[in-house]
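The values are calculated or read from the model by the stated rules, or taken from the named source; none is laboratory data. Computed from a predicted structure; not experimentally measured. Cβ sites come from the backbone with ideal geometry, for glycine too, and all protein chains shown count toward neighbours.
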Amino acid sequence: MYLSWFLLAVGLAAAGGPSSAKNEGALACDFAGSYRFRFLSNGSDGWWFRFTVDGTPAKATLVENVEVLALKAGRLEMTADPTQCKLTLRTKGKAVGQLVMTIVLDPKANAFKGKLTRTKATDVAEQEVTINGIRDVDAQQSGESCVVPGIYRIDFDPIARWRNADKGDKRSCKRTEDWLRPLFVRVEPFGKTLAISKVHSEPPYAEEWAIDSTELHGDCDVAAKISDSELELESRLTFAKDRVTGIAVKVNQQVYEDEGNIWNCVAKNSPLSVTRVR
């Protein structure tokens, strides 16, 4: 009888019995990595949310402030279900109330999808939104070897020809040094494309509101659009590792002199100076 039980135990272990199946299930998903996604808030779709999962036992950390949600970087409450590749993260704040993210990770594609819900939002429709994002297991790597992820400074041609957007408006567009400033952006791979989003001009280069879009026209050729409350830029950028060349296909800059004295200046097909600063 004892021999029979011994043989049964050996057989279950060799065949992947209940004990080994449980262990395999626990190892189904390794969640370690850096996660990022864009989401809808305050009427704009494209805000960034970035967090990491690491350590033993695993912990989740919001790695940079999410200003639109008034959330500070720090620990996120996390529940993991490795057998389903599912993560649930929670936090709270005055602007969001109770915030819950539920995501399902595809470990082969290093991508995830899920939902972000919060009890407070500027619009009821934004209390529950669908999210799709990317997990970076190692340092960010673009699918194109010519693109180096990082923070870039874009300077406009100081001798570009600027004209008033309104042909009938005689206000000058000549003194660009008084109103034109460099643009700082974060360039990073995001799925099958690149994301080029506006950031503040000083370290740590926090996210700044703008509407952006990119379109790939070749391995290293990108059409990028960025617009905020004062600037609208349509550009074409060519990446060659740390060296980037570009042209402002069209740039529209708002000029503010005093209250009620606002006009727009436009330049077309002018060179851009693009430098990686981090």
(request) Provide a single number: the residues in the stretch 10-35 that are surrounded by 12 or more Cβ atoms within 10 Å (Cβ to Cβ) and either in contact with an Asp or Glu (Cβ under 8 Å, 6 or more places away or on another chain) or modelled with pLDDT of 90 or more (or both). (result) 7
(message) Test of understanding: among Asp155, Asp136, Asp169, Asp123, which residue is over 30 Å from Val249 (Cβ atoms) and touching a strand residue (DSSP E or B) at 6+ places or on another chain (Cβ under 7 Å)?
(response) Asp136
(request) Would you check if there is a residue in the stretch 104-125 being within 22 Å of the chain's Cα centre (by Cα), of a type outside the set (Lys, Arg) and not assigned by TED's automatic domain parsing to the domain that holds Phe39? (result) no
(request) Working only within the stretch 194-208, note down all residues that are over 12 Å from the mean Cα position of the chain (by Cα) and either over 15 Å from Ile151 (Cβ atoms) or modelled with pLDDT of 95 or more (or both). (result) His200, Ser201, Glu202, Pro203, Tyr205
(message) I'm trying to understand the selection: among the residues of the stretch 176-209, which are of a type in the set (Val, Ile, Thr) and either in the same structural domain as Leu69 (by TED's automatic domain parsing) or farther than 23 Å from Ala160 by Cα (or both)?
(response) Val187, Thr193, Ile196, Val199
(request) Can you give me the number of residues within the stretch 227-278 that are of a type in the set (Phe, Trp, Tyr) and more than 25 Å from the chain's Cα centre (by Cα)? (result) 2
(message) Given the options Arg50, Arg38, Arg75, name the one that is over 24 Å from Pro189 (Cα atoms) and modelled with pLDDT of 95 or more.
(response) Arg75
(message) Can you pull out every residue in the stretch 40-69 that is without any contact (Cβ under 8 Å) to a residue 60 or more places away in the chain, closer than 19 Å to Ala139 by Cβ and outside any loop (DSSP other than H, G, I, E, B)?
(response) Arg50, Phe51, Thr52, Val53, Asp54, Thr61
(request) Take the stretch 85-113 and flag every residue that is part of a strand (DSSP E or B) and crowded, with 20+ Cβ neighbours inside 10 Å. (result) Leu87, Leu89, Thr91, Leu99, Met101, Ile103, Leu105, Phe112
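Each row is one residue, and each column tells you yes or no for (1) at pLDDT 95 or above; (2) farther than 23 Å from Gly150 by Cβ.
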site	(1), (2)
Ala224	yes, no
Arg236	yes, no
Asp242	no, no
Lys250	yes, yes
Gln253	yes, yes
Asn264	yes, yes
